[in-house]
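Read through the structure below, which is laid out as structure tokens, and then see the notes.
The values are calculated or read from the model by the stated rules, or taken from the named source; none is laboratory data. Predicted model only: the values in this text are computed from it and were never measured. Cβ placement follows ideal geometry from the backbone for every residue including glycine, while neighbour counts extend to all protein chains displayed. The area values use the complete protein model at the heavy-atom level, side chains included, leaving out ligands, DNA and RNA. Shrake-Rupley method; radii C 1.70, N 1.55, O 1.52, S 1.80 Å.
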Amino acid sequence: MAPKLERFVSPGKGNGLRATTRIQCGELVLSAEPLACCVSNKLARDVCHHCFTRCKTLLRCSQCKMARYCNIICQLSPPTDHSEELYTLEEHESHLSSMSEQKKQGLSQLASMLELYLKQETPYLVQEMPPSCREPLSLIAKVTCNCFTISDEELQEIGVGLYPSLSLLNHDCRPNCVMVFEGPKLKLRAVRDINPEEELTISYIETLSLTEDRQKQLEDQYHFTCHCQQCDTRDKDGLMVLGEEAAWHQLKEALPRLEGLKAESNWQALLKSCSHLLSTVGSNVPDENLYKLRMTDMALDASIYQGHWEEAMRYGEKTLPVYRQYFPDPHPVHGLQLMRIGKLKHHLEYIEDALDLFKQSYQIIKLTHGHDHSLTTDLLMKMDECRSEMDQHSSSTH
């Protein structure tokens, strides 16, 4: 475990992690391999189950017939040693006493299946487990509350992993660290300067929501009430519900249906619905409004999938000033949005605008992902392409 961190008791929160030395914005605080991880069911045939790389052709495991690997090296790679964890799986909390009966019942069914499987397939494993992990219900509850979503470069979910020491990180709706994944390896980076003895925090959830919604999600999923500064001051709530309630309420009501179309990849119907709502009801709602922003983002996705580049660029441009307001610290979501709109501008030959957006994206991504990440390298290449095209253009006009 890195000497930059230590475990401590965080007032009102239980265990936590704090800095032992000054940490600079953009600094890599910790890099960790998972104790256990698995690919999402929907991607089980598309992603290597060891390195989490997307591949067109994967080798299927001849024993279990389920796992798939990009090559023999991935298939035979040994597990990582986790002997130096600051926080072991046995110490994790199950939060069973705080769970609803319905959730507990669902986990109990899973626990029964796990128990049956262990007895039949690997009876020796049960003997080797620490006593505190032999109770299947408690074990499944610990994993459910403490695992992390593993995402790809575009922040799309590709799996889940258990990183015991990183479960010590407490939540803040405006955290001082972010997590980025390279395959299943988790990289924790500072997004603000952190002083010695200052607690390190991450966000457990998507923070672009109203305080009430964030708190409900944290209570339902992680069983605590958030008292961070952003929740106590309800800092951004006014901005999120700007405009006439009667108008933005219609946008809010339409979102679940639109999310359904997105989940089905019905891009044509999604774009038609979004553009109609945004040009009618949405014209009376400011761009900063949370529900209008969500709908504009969906219209951007749908336009890209339909190949309507000009339309996609127009929707994307509307989101950028709003993202700047909602993400005052470097954030992967903001960096990726700038890069995305930059690529649209580049494709449509607005080269100077594209270069400007790539530069803005680079200033964020180099801090959230690091200088050696493929996205950072990609941005440097894009900036070089733009400069070279601008040079060619200026020499051909003279």
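Listed by first and then second residue, the pairs with beta-carbon distance under 8 Å, at least 6 apart or on different chains, first residue in the range 274-298 and free of Cβ contacts under 8 Å to residues at least 12 places away in the same chain and outside the structural domain of Gly260 (by the TED database), second in a helix (DSSP H, G or I) and of a type in the set (D, E, K, R), form an empty list. Note on the range 304-342: residues that are buried (at least 16 other Cβ atoms within 10 Å of the Cβ), in a helix (DSSP H, G or I) and among the acidic types (Asp, Glu) total 2. When we screen Glu101, Glu121 for residues that are over 26 Å from the mean Cα position of the chain (by Cα), free of Cβ contacts under 8 Å to residues at least 12 places away in the same chain, loosely packed, with under 15 Cβ neighbours inside 10 Å and farther than 30 Å from Arg54 by Cβ, the only hit is Glu101.
Yes/no per residue for (1) open to solvent by 60 Å² or more (accessible area, probe 1.4 Å); (2) of a type in the set (S, T, N, Q); (3) out of contact with any Phe, Trp or Tyr (no Cβ under 9 Å at 6 or more places or on another chain); (4) modelled with pLDDT under 95:
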site	(1), (2), (3), (4)
Ala2	no, no, yes, yes
Leu5	no, no, yes, yes
Ser10	no, yes, yes, yes
Leu17	no, no, no, no
Arg22	yes, no, yes, no
Cys25	no, no, yes, no
Ser31	no, yes, yes, yes
Cys37	no, no, no, yes
Asn41	yes, yes, yes, yes
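Checked against (1) open to solvent by 30 Å² or more (accessible area, probe 1.4 Å); (2) out of contact with any Pro (no Cβ under 6 Å at 6 or more places or on another chain); (3) not in a helix (DSSP H, G or I), Leu242 meets all criteria but (2). Of the residues making up the range 134-170, those that are surrounded by fewer than 19 Cβ atoms within 10 Å (Cβ to Cβ) and assigned to a strand (DSSP E or B) number 4.
Looking across the range 213-247, the residues that are in contact with a Leu (Cβ under 8 Å, 6 or more places away or on another chain) and either closer than 28 Å to Tyr305 by Cα or not aliphatic (A, V, I, L, M) (or both) come down to Phe224, Thr225, Cys226, Asp237, Met240.
Only residues that are open to solvent by less than 30 Å² (accessible area, probe 1.4 Å) and not hydroxyl-bearing (Ser, Thr, Tyr) were counted in the range 352-361, giving 4.
Based on what the data block shows, is Tyr315 under 30 Å from Lys185 (Cα atoms) and modelled with pLDDT of 95 or more? Considered against the rule, which asks whether it is under 30 Å from Lys185 (Cα atoms) and modelled with pLDDT of 95 or more, Tyr315 comes out as no. Only one of the listed residues (Val333, Val322) is in contact (Cβ under 8 Å) with a residue 60 or more places away in the chain and of a type in the set (Val, Ile, Thr). That residue is Val333. The single condition among (1) within 18 Å of the chain's Cα centre (by Cα); (2) touching a residue at least 40 places away in the same chain (Cβ under 8 Å) that Cys226 does not meet is (1).
Against the numbered list (1) open to solvent by 70 Å² or more (accessible area, probe 1.4 Å); (2) touching a residue at least 12 places away in the same chain (Cβ under 8 Å), Asp391 comes up short only at (2).
For the subset of the range 66-88 comprising residues that are at pLDDT 80 or above and closer than 23 Å to Gly14 by Cα, which member is surrounded by the most Cβ atoms within 10 Å (Cβ to Cβ)?
Start the filter on the range 66-88 by keeping residues that are at pLDDT 80 or above, which leaves 66-78, 86-88.
Within this subset, residues satisfying the condition of being closer than 23 Å to Gly14 by Cα are 86-88.
On the way: Leu86: 17, Tyr87: 19, Thr88: 15.
Once the filter is applied, the top-ranked residue is Tyr87.
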